[in-house]
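Each remark here refers to the structure printed beneath this line.
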Amino acid sequence: MASLRDIKSRITSTKKTKQITKAMQMVSAAKLNRAEMNAKSFVPYMEKIQEVVGSIANGSSGVRHPMLESREVKKTGYVVITSDRGLAGAYNSSVLRHVYRTINERHNSTDEYAIIVAGKVGLSFFKKRGMPVVESIVGLSDQPAFADIKDIASRTVGMFEDGAFDELYLYYNHYVSAIQQDLTEKKLLPLTDIETGEGKSLASYEYEPSEEEILEVLLPQYAESLIYGALLDAKAAEHASRMTAMRSATDNADDLIGDLTLSYNRARQASITQELTEIVSGAAALE
């Protein structure tokens, strides 16, 4: 049985841990509010650019662009969004486990795919397993701006346009609520199923310059915006997951402190009872 000093020491250390997890929970809650607003404020832009691109792609005859056309798949690109830090529950493991299983099921050789990863956790995961990472970005802020990921998003889209990839998939955690984050797999390129938006009909536009020239500019921007929108969404999910994980850790610390305190009181009572017994026995022996 542990001594009173050992139990007291564990109670003290657990209380300190509880203070840390409680503070992290509050910090994540504050970051979540900001990240949720960022993700929601980006939606109108995404809907509008999707409407315009969809209107041109679906409403104009004879408009062709490599990003809109399927081709024989020789190599696949995977864009995976993770975090730079742990302590976020299953936020990283759910995405990485799914991507790892998917790649092993689809491909027999590392020549058949390449990975673009955001976050130190994902980068470390794939490098340890010898998987080809062609682009990576780490150290993103909790509230990333488009300029922070512009270069890697542009290079990723450019690799598809140049034929380095024949298709491109995006994996991340979609923010639903503070207690729910859904693993999301999205086919990023080619944009074979682009729509004008739910419940919206094709608008009638007059284009200057031509539709082809507009698509040449808009389609890469649209694909880059999809990556940035997913990153904002994933950041909100990360903060929500970390807040939930730290709340659970705080609750577990409370339970552990209660159990240790009960054990401490029982051990102390047993010690006092033993001392009283010894005193009574000693007094009886002197008589």
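The values are calculated or read from the model by the stated rules, or taken from the named source; none is laboratory data. All of these numbers come straight from a predicted model, not from anything done at the bench. In this analysis, Cβ positions are derived from the backbone assuming ideal geometry, glycine residues included, and neighbour counts consider all displayed protein chains. Remember, those area values only see protein heavy atoms, side chains included, never the ligands or the DNA or RNA. Shrake-Rupley method; radii C 1.70, N 1.55, O 1.52, S 1.80 Å.
Considering only residues that are of a type outside the set (Phe, Trp, Tyr) and surrounded by 19 or more Cβ atoms within 10 Å (Cβ to Cβ), look in segment 121-130 and name the one that is farthest from TYR91 (Cα to Cα). Outline the logic, then answer.
In the first step, residues of segment 121-130 are kept if they are of a type outside the set (Phe, Trp, Tyr); the result is 121-124, 127-130.
In the following step, the residues that additionally are surrounded by 19 or more Cβ atoms within 10 Å (Cβ to Cβ) were identified as 121-123.
Numbers: VAL121: 11, GLY122: 11, LEU123: 15 Å.
Out of the qualifying residues, it is LEU123.
Only one residue in ASP162, ASP166, ASP142, ASP151 is touching a residue at least 40 places away in the same chain (Cβ under 8 Å), out of contact with any strand residue (DSSP E or B) (no Cβ under 6 Å at 6 or more places or on another chain) and under 21 Å from GLN221 (Cα atoms). Which one? Full working, then the answer.
Values: ASP162 fails: touching a residue at least 40 places away in the same chain (Cβ under 8 Å); ASP142 fails: under 21 Å from GLN221 (Cα atoms); ASP151 fails: touching a residue at least 40 places away in the same chain (Cβ under 8 Å).
Matching residue, one of ASP162, ASP166, ASP142, ASP151: ASP166.
When the residues of segment 208-248 are narrowed to those that are of a type in the set (Val, Ile, Thr) and surrounded by 14 or more Cβ atoms within 10 Å (Cβ to Cβ), which ends up nearest to PHE42 (Cα to Cα)? If you could, list the steps in order and put the result at the bottom.
First pass over segment 208-248, keeping only residues of a type in the set (Val, Ile, Thr): 214, 217, 227, 244.
Next, from what is left, pick out any that are surrounded by 14 or more Cβ atoms within 10 Å (Cβ to Cβ): 214, 227, 244.
Values: ILE214: 22, ILE227: 12, THR244: 25 Å.
Top of the filtered list is ILE227.
For (1) over 30 Å from ARG64 (Cα atoms); (2) under 18 Å from the mean Cα position of the chain (by Cα); (3) modelled with pLDDT under 95, each residue gets a yes or a no:
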| position | (1), (2), (3) |
| --- | --- |
| VAL99 | yes, yes, no |
| ILE152 | no, yes, yes |
| GLY158 | no, no, yes |
| GLY199 | no, no, yes |
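Out of all the residues in segment 42-62, is one or more loosely packed, with under 12 Cβ neighbours inside 10 Å, among the small types (Gly, Ala, Ser) and in a helix (DSSP H, G or I)? Full working, then the answer.
Pass one, segment 42-62, residues loosely packed, with under 12 Cβ neighbours inside 10 Å: 44, 48, 61-62.
If we keep only those that are among the small types (Gly, Ala, Ser) too, we end up with 61-62.
Checking which are in a helix (DSSP H, G or I) leaves us with none.
Within segment 42-62 (the criterion being loosely packed, with under 12 Cβ neighbours inside 10 Å, among the small types (Gly, Ala, Ser) and in a helix (DSSP H, G or I)), the answer is no, since none of the residues qualifies.
Return the pair list, or none, for Cβ contacts closer than 9 Å from residues in segment 269-284 that are free of Cβ contacts under 8 Å to residues at least 24 places away in the same chain to residues that are not in a helix (DSSP H, G or I), at least 6 apart or on different chains.
If the second residue must be not in a helix (DSSP H, G or I), the pairs left are ALA270/MET1.
Go through ASP259, ASP182, ASP255, ASP251 for me and flag whichever is within 18 Å of VAL80 (Cβ to Cβ) and either surrounded by 18 or more Cβ atoms within 10 Å (Cβ to Cβ) or at pLDDT 90 or above (or both). Break it down into steps so the answer makes sense when it comes.
Numbers: ASP259 fails: within 18 Å of VAL80 (Cβ to Cβ); ASP255 fails: within 18 Å of VAL80 (Cβ to Cβ); ASP251 fails: within 18 Å of VAL80 (Cβ to Cβ).
The unique qualifying residue is ASP182.
Taking SER83 as meeting all but one of (1) surrounded by 17 or more Cβ atoms within 10 Å (Cβ to Cβ); (2) not β-branched (Val, Ile, Thr); (3) not in a loop (DSSP other than H, G, I, E, B), write down the number of the exception.
(3)
Quick check on SER9: is it modelled with pLDDT under 90 and open to solvent by 50 Å² or more (accessible area, probe 1.4 Å)? If you could, list the steps in order and put the result at the bottom.
Numbers: modelled with pLDDT under 90: no; open to solvent by 50 Å² or more (accessible area, probe 1.4 Å): yes.
For SER9, the condition - modelled with pLDDT under 90 and open to solvent by 50 Å² or more (accessible area, probe 1.4 Å) - is not met.
Take segment 104-128 and flag every residue that is aromatic (Phe, Trp, Tyr) and in contact with a Gly (Cβ under 8 Å, 6 or more places away or on another chain).
Within segment 104-128, TYR113 is the sole residue that qualifies.
Please state which of the following conditions ALA30 fails to meet, knowing it meets all the rest: (1) aliphatic (A, V, I, L, M); (2) open to solvent by 30 Å² or more (accessible area, probe 1.4 Å); (3) at pLDDT 95 or above.
Among (1) aliphatic (A, V, I, L, M); (2) open to solvent by 30 Å² or more (accessible area, probe 1.4 Å); (3) at pLDDT 95 or above, the lone unmet condition for ALA30 is (3).
Please give the number of the condition VAL73 fails out of (1) under 25 Å from the mean Cα position of the chain (by Cα); (2) under 28 Å from TYR113 (Cα atoms); (3) β-branched (Val, Ile, Thr).
(1)
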